[in-house]
1. Would you please classify the overall shape of segment 63-145 from the alpha carbon gyration tensor, given that a ≥ b ≥ c denote the square roots of the eigenvalues, rounded means a/c under 1.5, and beyond that prolate means a/b larger than b/c while oblate covers the rest?
2. Averaging sequence separations of C-alpha pairs under 8 Å and six or more residues apart, then dividing by the length of the chain, give the relative contact order as a whole percent.
3. With axes computed from alpha carbons, what is the tilt in degrees of helix 81-90 against the longest principal axis of the chain, rounded to the nearest 10 within 0 to 90?
4. In the chain, if the dipole is taken from +1 on Lys/Arg beta carbons and -1 on Asp/Glu beta carbons about the Cα centre, which of Leu168, Gln42, Leu136 is farthest to the positive end?
5. Using only DSSP helix segments of four residues or longer, with each worth -39500 (n - 2.57), what per-residue ellipticity at 222 nm results for the chain after dividing by its residue count and rounding to 500?
6. Once semi-axes √(5λ) of the Cα gyration tensor in Å is worked out from the coordinates, which option in [x] 51, 30, 19; [y] 57, 29, 17; [z] 48, 30, 19 does it equal?
7. Given labels modelled 7 Å from the Cα in the Cβ direction, how far is it in nm from Thr78 to Tyr373?
8. How much length is gained if the chain between Ser298 and Asp167 is pulled fully straight, taking 0.36 nm per residue apart and subtracting their Cα-Cα distance, in nm to one decimal?
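Coordinate-derived values only; no laboratory data. All values derive from a computational prediction rather than experimental measurement. Every residue, glycine among them, receives a Cβ derived from its backbone with ideal geometry; neighbour counts consider all protein chains shown.
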Amino acid sequence: MNMATYRKRGDKWEYRISYKDPVTEKYKIKSKSGFSTKKEAQIAAQKMENEILEGVEQSPISLKNFLNTWLYEFKKDTIRKNTFNLHKQNIEKHILPYFKEIKLANVKPILYQKFLNQLIDQGYSKRTVEIVHSTLFNAFEKAVILGKVTKNPCIGAIVKGQEKKRDLKYIETDRIADFLKEAYKYDYIYWMFFNVLLETGMRKGEAAALQWSDIDLKAGTISITKTLDFQAKSKEELFGDPKTYNSKRVITISKGLINDLTFHKKYQNQNKLALNEIYHHDLNLVLCRNDGNFMPKSSLFNAFSRILKRAGIPPLPIHSLRHTHAVILLEAGADLKYIQERLGHGSIQITSDVYSHISKKIEREKIEKFDDYYSRIKN
């Protein structure tokens, strides 16, 4: 608690308050003299103590210290770990190297725009710069609420630069059978994992978090309600919220996948019986190692790249299976709205941005088929 002391200097009174600055963690002294009576000095000291407690009376805070407070006091444990790490990375890699020891209140709109422009000049994509911009925009919104600054300097800033053309990576439809054959030969549990991704378009974290309670084999549905944190230090931290609000969804699965999952359940039950107390029964995972524990990201990554190599398919990220699923849907004639809901995209805009050129290619093929068919009718 701040302690005030009083002393008389000549015929006037002075107060001195010793307090710890909550941001810099350093002790400071606040003093004022010129009061006619001790009572007046006490009233003024009380007012000042209240201001210090509310954080109004602090030395100008640096951007660096504020971002640290924002990250660890307001963001930690309230957002997904991946999002937290992204903010942290933006601060350490882009924001602080540029702004250094600048005071929070000195970040003005023109200076902020210069910061964004130099990121573009360094060759970062528009998307990367937008993500950095969102970190600072968020932080300054909080600074305004906390009364640290009066205006958010990020409002009205423009992220220039070109959208990088998305080079969509997916397995060509006619190569899927080869990929699955090689996966099965490599290891049944990886075949099962990648097979589910191809059949559902789930993100790998969503598939890794699937529990038997999420699957209704009779109705032929899967509920996607969570994601697996591959970096989790304990079982309590293993399951997290899905990527966005729209990611929570229930999807219908094919008869083929229902059969695969029915077999998989029997296969797993044999493992449970054989391993008994060694088996991780409590996790209740669907796509897991033979002992019921989750599959590490590195094992999935290694298996995927080896299987591709054996099938003679160029290197791809695991996420390409999600795109492959969407391409299959498009080729089967599904509309974008259905694909958006099935993949759990936040908006149809995302879906159409990602898959527009494939849609165009399919449209061209359709019109060629129509042409071909119509010319046969005519002649």
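1. Details: a/c = 1.87, a/b = 1.21, b/c = 1.54.
Taking the square roots of the gyration eigenvalues as a ≥ b ≥ c, segment 63-145 is oblate.
2. Contact order relative to length: 12 percent.
3. Tilt relative to the chain: about 60 degrees.
4. Of the listed residues, the answer is Gln42.
5. Numbers: 14 runs with 187 residues, N = 379.
After summing the helix terms and dividing by residue count, I get -15500 deg cm²/dmol.
6. Comparing each candidate, only [y] matches the computed number.
7. Each label point is offset 7 Å from its Cα along the Cβ direction, giving 5.6 nm.
8. Values: separation 131, 0.36 × 131 = 47.16 nm, distance 2.42 nm.
Full extension of this stretch gives 44.7 nm more.
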